[in-house]
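Encoded as structure tokens, the structure appears first; notes follow it.
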Amino acid sequence: MLENVRYNTENHDTYHQYCMNLKEVLKMADHIVFAKTGQHLDDLQEAILRGTMQGEKYTKIAEESHCNESYVRDVGSKLWRILSEELGEEVSKSNFRSAMERWQVSNVSNFAKDVVGIGIFNTCGEARHPPDIPNSHPHNEETFNPKQTKTLHQDLSEMPELGAFYHRTPELETLTTWILQQRCRLIALTGISGIGKTTLAVQLVQQIKDEFEYVIWCSLESSPTLTEFQDKLIQFLSQSENPDLSKNLSLIKYLQKHRCLVVLDDVHNLFSSGELAGKYKAGYEEYRSFFKQIEKLSHQSCFLLIGWEQPREVPQRESQNTPIRTLQLTGLDTAAGWEILRDKGLGEIDNYSALIHRYQGNPLWLKSVATQIIELGGCVTEFLPNDTILLPEDLKDVLQEQCDRLSEIEKQVLSLLAKESSPVNLAKLLENGTMSASDLLNALQSLSRRCLIEQQGSFYDLPPVLRQYIKGL
């Protein structure tokens, strides 16, 4: 496969006067990898080769690339395997430079015929062609600049339109870092209903979509089976009406070959109502092994999961040693909350900060109560004496939809918490309830995963809006 990657020189002695240059080695390696795979070096592969040439350890390369070390080692291992097959000898991090030099020397008689643009290497100066070797083939930008040649495929037909976007810069930066720099494979974006998960994801996709060859937004509102979802995704990635649908293995190959961003919105529709959070509905259990494959198998793509609930196999706590992350979205700050009230016509109120705090900066909650206040033509001080919580009917509908998904044990815990005026610990919950310690802990964990309770150390509490709603049931 390397017949087309040869140099042709008339003077062996002149050739040996030149030594390897980092920039040119990267070009050479890129051409070799492209000859084998049809894909240019990606950013991480190039960073591994660059670090190897500079004597850096994987730890340093991972740090500079904002990736975990195990992932860098995995990518490096596959890269050495490709080079080994093409160079005809075992290539590793320790002998990469010498292997390239040996290959260069062994092919010196024909090397310039098709790749004159790669040049000859000189560690002490600029890369240059050996004397008397004409550069008969001009530099091919389509070959050496993958960003210019990659065709971008984007299916955003199911992505909602971006409405007003309020001060989520830190969250945007976090997600962008995880996806583009740390190259995480699976990211969960979670939070209570109305907190702005989908809006944030839309803004994120708009900002980073051109960094991927394939971008698709998939709504799971209709609860597609894994087979239906995979068929749709493979058809998009293959850009064919009749793809070879060999399910998991074929899909992983597409994710390995191409840089893809796949957004799954409303992922909570995969899970059962009346059960603890994250239990798959009957017939949807295959998603569990699918998400585990996305996390464990090496590929260069990213799945972003959005929903009230997340799969149980997705940890809530971040671990830098895995390619998986969770971002739990919280309420907006006072400045952003004020913008919402201003847009609704309440920008001149005196105690807007108290209102924002009472509704915890939740954009949907703030919009709902602001609309009710405006429609009734009154001011906040008249409507909310003594910290009264207004619950417009549309807000009740939203809360009911989320509470309807709860198990009976979770409903019992919410009722216990709603009766308390301040945060309570486990001992008091056990004292006031009739459940076992094990059931209580499972219920608290599930409610936490649904973002319905607040935890302060060993104490638990309810958001004021949810407490008011539970009391009214």
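Read-outs throughout are calculated quantities, based only on the coordinates presented, and are distinct from any laboratory measurement. What you see is a predicted model; the values in this text were computed from it and never measured. All Cβ positions, even for glycine, are placed from backbone atoms using ideal geometry, and neighbour counts span all protein chains on display.
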Qualifying residues in the stretch 281-296 (those that are under 22 Å from the mean Cα position of the chain (by Cα) and of a type in the set (Ser, Thr, Tyr)) - the one farthest from Ser70 (Cα to Cα)
Tyr287
Go through the stretch 181-225 and report how many residues are of a type in the set (Lys, Arg) and surrounded by fewer than 21 Cβ atoms within 10 Å (Cβ to Cβ).
1
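Quick one: in the stretch 292-321, of everything that is of a type in the set (S, T, N, Q) and out of contact with any Lys or Arg (no Cβ under 9 Å at 6 or more places or on another chain), which residue is farthest from Met159 (Cα to Cα)?
Initial filter on the stretch 292-321 (of a type in the set (S, T, N, Q)): 293, 298, 300-301, 310, 316, 319-321.
Add one more test, that the residue is out of contact with any Lys or Arg (no Cβ under 9 Å at 6 or more places or on another chain), and what stays is 293, 320-321.
Working: Gln293: 25, Gln320: 30, Asn321: 31 Å.
Restricting to residues being of a type in the set (S, T, N, Q) and out of contact with any Lys or Arg (no Cβ under 9 Å at 6 or more places or on another chain), the top hit is Asn321.
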Does Lys60 satisfy the criteria of being in contact with a Ser or Thr (Cβ under 7 Å, 6 or more places away or on another chain) and surrounded by fewer than 20 Cβ atoms within 10 Å (Cβ to Cβ)?
no
Tell me, which residue of the stretch 160-201 that is of a type in the set (Val, Ile, Thr) and over 22 Å from Ser368 (Cα atoms) is farthest from the chain's Cα centre (by Cα)?
Thr169
